[in-house]
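Structure first, then comments.
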Amino acid sequence: MTDQTITSVSRESRVFKPSAEFKAQANLGSEAAYKRLYAESVNSPARFWGRQAKDFLTWRKPFSQTLQWKTPHAKWFTGGMLNAAENCLDRHLGTARENKAAIIFEGEPGDIRTLTYKQLHREVCKFANVLESLGLRKGERAAIYMPMVPEAAVAMLACARLGVVHTVIFGGFSSEAIKDRINDCNAKLVITADGGWRRGKIVELKESVDRALSSSPSVEHVVVLKRTGNTVAMQEGRDLWWHELMAAAPAVHKAKPLPSEHPLFILYTSGSTGKPKGVLHTTAGYLLGATMTTHYVFDVKETDIYWCTADIGWITGHSYVVYGPLSAGATVLMYEGAPNQPAPDRFWEIIDRHGVTIFYTAPTAIRSFMRWGDEYLAKHSLASLRLLGSVGEPINPEAWMWYHKMVGKKRCPIVDTWWQTETGAIMVTPLPGVTPTKPGSCARPFFGVVPKILDENGKEVRRGEGGKLFLTQPWPSMLRTLWGDDSRFKKQYWSEVPGLYFAGDGARFDKDGYLWVVGRIDDVLNVSGHRIGTAEVESALVSHPAVAEAAAVGRPDELKGQALVCFVTLKGNQTASDELKDQLRAHVAKEIGAIARPDALRFAAALPKTRSGKIMRRILKEIAAGGDVKGDITTLEDFNVVASLQSEE
Ligand code: WT7
C-alpha cells in the first residue's frame, strides 16, 4: 500500500456529537475529564496506571512497582498477586450482583439459559476442581475448542483460577490448525464439545479434535461437553464427558493467587509468515485493560444487557465477552449461532427478546445486514439499545450511517474501536459521552496510548498524510511475547522502527487529530474481520501435490472487506481444470479452516517476479482487482507474465 492510498481514504466530514442525555449519565461525560486523564496517563503513567489498577482490580497482595520497562519487555504491577477468575466472579459475590445474570445464553435452536454470578461461580469452581483432578497445574496449557456456549467461558475461567494457560482455538479452524496450535504450546488437555449449532447444522468439533490428536503427543485427556447430543467416538482412557466429571466435582474452590505477570492465555493469530503467532497475555495488565475499557468505552452500568457478537475464539471474545464485562460485573448476552438462522432478523429478535442495551459487532456483519434488507429491522423495535460498537476492520461511512440510522435510530453513540490481538484491549476509540464521532474514523487514543504515524524512513509524517501506525508507549494489556519465540516477537513488532511498537496498519491523522485506519500494510488480509496471513494460505496451497507455486492477495470486496484471491502455478504433469480449482480451495479450507477458503483461484503459467525472484504481489493485487497494472514494473523479470495473467478470465 502506498502512502498515497493511505492518504486518499475517506473525505468524510460529518460529525455526530454525543447527546446531552447520554453525556449526563456517562461513566465519563466531559471533554475536560478526558483531557485531564489522558494527559496524566501519558505524562505520569506510573501514577495513572497504579491508581487504575487499584480502582479496577481486586488484589490478594498489593503490587510494589507499577512498570518495569526494558524495551520491548514490560512487567506491570510487579510484586502483586491476584486471580483473574476471582476478579470476574468471587468479588461480585456477597454484593447486590450475586444474583444478577452474568450470562444470558441463547442457543441457535432457541434454547435459553441464564447463569447468575453465583451460578457461574459454582460452575467455574467445579470445573477448576475437574482440571485439578486431571492433573493440570499452574503454568501448564489447555486448549479450548468449543461452540459459543457458557461452558466455553466456564472452561476459560476455570483455567484462570488455577493459573493454567488457556489457548482458545476458534471453532471454525480445521484439525490441521488445531494440531499446529496444540503442538506449539504442548497443551496437556483439550476441552471440546460433541458439536455446536451453526445454520441448523452440527459443527463436528470432536471429530476435528480426534483428527488433530493423531499427531499431538502432549495431550493426555479430552473433556467433551454434550451440546448437540450427536454420537461421537470416545477414546477409552483419553476422552471424558464433561457432565460426568462435573457431577463428581466439589463446588468449592479457592482461586490461586498468581503473580501479576503470570501467563493468562495464548491466542494464535496470523502474521506475515506461514506459522501462526502465539500472542501471550498475562494476568494483571491484560485484565486491567479489558476491565477499564469495558467501563469507559462501553459505559457499562449495573442494569445493562451487553452483547458482543464475537466468538470466544478471537481476542474480541476474550476481552469483551468474557474477561472485561465479567470483571466489570455486567450481564453478558451470548448467542451460539449464525445471524441469519432461521431468518436474517435473528440478531434484532435477540435484542428485543432480551432487552440488549449495548451491541458490539463487526463491519462485515453490518454490511450483510444492509444487503439482507431494511425490512428485517422494521419488524423489531430495538428500543432497548443505547450504545453501539464496531470492531475488526475500518468501517466504511455508508455502513456507519446505516448502523447509526437503522440500528441506533440516530439515538445511540457508535464507538468504532481500533485494537488488535496483540494490544489485548481497545486502543483508539471515541468515548461515548465525550467524543464527537466521524463515520469511518476510530477517533482518539484511549488513556495511555500514544499513536504515531511514520513514513518509510521512520520520520513522523505531517498531519493529514498517511503512513505506518506505531504505538510509542507501553500499555498494561500489551502482549508480552510470542509463545516460544521471543526473537520473532522482537523482529515482528519492535524492529520496523527500533523501540516502537509497529501495528502493521496504515493510517493517518486528520486536522482534528482523529485517526483513520486504512488497514494492514503487511502481508496480512482482513477477510470479514478475520486476520488471514497470505503466507499461511500459500503454504497450504503448495502443500498440495499438484501445486508448484502460489501467491495469495486481497481484492476489495463489498461484503467481506477483502476477498482472498490465489494465483497458482501447477507442476509440469498437472492440467488445470475447474475440478482441480475446487479441490485446491477445499484443500486450503481443510488445512486452515473455512474462513481461509479462497474466494477465487486462478491458474497461471507463471507468477510475476522481480529479477531476484520475489513474487510481485502488488501486481497480482491489481490484476485481482480487475484493474490495469499501474506503477513501476521495471524490476519485473518477464513482462509477458503480466500480459498473460491479464488476458486470462
Ligand atoms: C487488525 C487486528 C481486536 C479487534 C479484532 C481484530 C483491524 C481492528 C479496527 C477498526 C480499522 C481495525 C486492523 C488491526 N482493525 N479494528 N476499528 N478500524 N481497523 O483483531 O485479528 O488482531 O486484527 O484488525 O487492521 O491491525 P485482530
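The values are calculated or read from the model by the stated rules, or taken from the named source; none is laboratory data. Keep in mind it's a predicted model, so treat the numbers as computed, not measured. Methodologically, a virtual Cβ is constructed for each residue, glycine included, from the backbone with ideal geometry; neighbour enumeration extends over all protein chains shown. Ligands, DNA and RNA are excluded from the accessible area calculation, which covers all protein heavy atoms including side chains. Shrake-Rupley method; radii C 1.70, N 1.55, O 1.52, S 1.80 Å.
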Given the structure, is residue 53 of a type in the set (A, V, I, L, M), in contact with a helix residue (DSSP H, G or I) (Cβ under 7 Å, 6 or more places away or on another chain) and surrounded by 13 or more Cβ atoms within 10 Å (Cβ to Cβ)?
yes
With criteria (1) within 16 Å of the ligand (Cβ to nearest atom); (2) of a type in the set (D, E, K, R); (3) open to solvent by 40 Å² or more (accessible area, probe 1.4 Å), residue 582 comes up short on (1)
Considering the stretch 224-272 alone, what residues qualify as being in contact (Cβ under 8 Å) with a residue 60 or more places away in the chain, surrounded by fewer than 16 Cβ atoms within 10 Å (Cβ to Cβ) and more than 20 Å from residue 127 (Cα to Cα)?
272
Of the numbered conditions (1) of a type in the set (Asp, Glu); (2) more than 25 Å from residue 445 (Cβ to Cβ); (3) away from the ligand (no atom under 16 Å from the Cβ), residue 311 fails exactly one; give the number of that condition.
(3)
Whether any residue in the stretch 350-360 is away from the ligand (no atom under 16 Å from the Cβ), touching a Leu at 6+ places or on another chain (Cβ under 8 Å), in a helix (DSSP H, G or I) and open to solvent by 10 Å² or more (accessible area, probe 1.4 Å) is what I want to check.
yes
Among residues of the stretch 400-416, those that are crowded, with 24+ Cβ neighbours inside 10 Å and touching a helix residue (DSSP H, G or I) at 6+ places or on another chain (Cβ under 9 Å), counted
4
Filter the stretch 487-518 for residues that are touching a strand residue (DSSP E or B) at 6+ places or on another chain (Cβ under 9 Å), away from the ligand (no atom under 16 Å from the Cβ) and among the hydroxyl-bearing types (Ser, Thr, Tyr) and give the result.
495
Tell me which of these residue 528 doesn't satisfy, since it passes every other one: (1) modelled with pLDDT under 95; (2) at negative phi; (3) of a type in the set (S, T, N, Q).
(2)
One residue is enough: does the stretch 385-394 have a residue meeting the conditions open to solvent by 10 Å² or more (accessible area, probe 1.4 Å) and either more than 30 Å from residue 288 (Cβ to Cβ) or without any contact (Cβ under 8 Å) to a residue 60 or more places away in the chain (or both)?
no
Any idea which of (1) open to solvent by less than 10 Å² (accessible area, probe 1.4 Å); (2) in contact with a Gly (Cβ under 9 Å, 6 or more places away or on another chain); (3) not small (Gly, Ala, Ser) is the one residue 428 doesn't satisfy?
(2)
Those residues that are open to solvent by 10 Å² or more (accessible area, probe 1.4 Å), assigned to a helix (DSSP H, G or I) and within 22 Å of residue 369 (Cβ to Cβ), I need them from the stretch 312-342; list them, please.
316
Could you check, for the stretch 520-530, whether at least one of its residues is closer than 29 Å to residue 292 by Cβ, away from the ligand (no atom under 16 Å from the Cβ) and open to solvent by 30 Å² or more (accessible area, probe 1.4 Å)?
no
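Results for (1) surrounded by 24 or more Cβ atoms within 10 Å (Cβ to Cβ); (2) in contact with a helix residue (DSSP H, G or I) (Cβ under 6 Å, 6 or more places away or on another chain); (3) under 24 Å from residue 125 (Cα atoms), shown as yes or no for each residue.
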{"residue": "275", "(1), (2), (3)": "no, no, no"}
{"residue": "285", "(1), (2), (3)": "yes, no, yes"}
{"residue": "290", "(1), (2), (3)": "yes, yes, yes"}
{"residue": "293", "(1), (2), (3)": "yes, no, no"}
{"residue": "297", "(1), (2), (3)": "yes, no, no"}
Select the strands (runs of 3 or more DSSP E) contained entirely in the stretch 376-486, then report the ones holding at least 3 residues which are within 14 Å of the ligand (Cβ to nearest atom).
387-390, 414-416, 466-471
Of all residues in the stretch 30-69 being outside any helix (DSSP H, G or I) and free of Cβ contacts under 8 Å to residues at least 24 places away in the same chain, the one that is nearest to residue 87 (Cα to Cα)
59
Can you confirm whether the stretch 153-164 contains a residue that is farther than 19 Å from residue 192 by Cα and in a loop (DSSP other than H, G, I, E, B)?
yes
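With a cut-off of at least 3 residues that are within 30 Å of the chain's Cα centre (by Cα), name the helices (runs of 4 or more DSSP H) lying wholly within the stretch 537-649.
By residue number, 578-591, 617-624.
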Filter the stretch 114-130 for residues that are open to solvent by 20 Å² or more (accessible area, probe 1.4 Å) and part of a helix (DSSP H, G or I) and give the result.
118, 119, 121, 122, 123, 126, 129
Matching entry among 200, 195 (being surrounded by 20 or more Cβ atoms within 10 Å (Cβ to Cβ) and more than 19 Å from the chain's Cα centre (by Cα)):
195
Single condition residue 365 does not satisfy, out of (1) more than 15 Å from the ligand (Cβ to nearest atom); (2) outside any loop (DSSP other than H, G, I, E, B); (3) surrounded by fewer than 22 Cβ atoms within 10 Å (Cβ to Cβ):
(1)
Scan the stretch 96-113 for residues that are surrounded by 15 or more Cβ atoms within 10 Å (Cβ to Cβ), part of a strand (DSSP E or B) and not aromatic (Phe, Trp, Tyr) and jot them down.
101, 102, 103, 104, 106
For residue 133, state whether it is open to solvent by 10 Å² or more (accessible area, probe 1.4 Å) and in contact with a Ser or Thr (Cβ under 6 Å, 6 or more places away or on another chain).
no
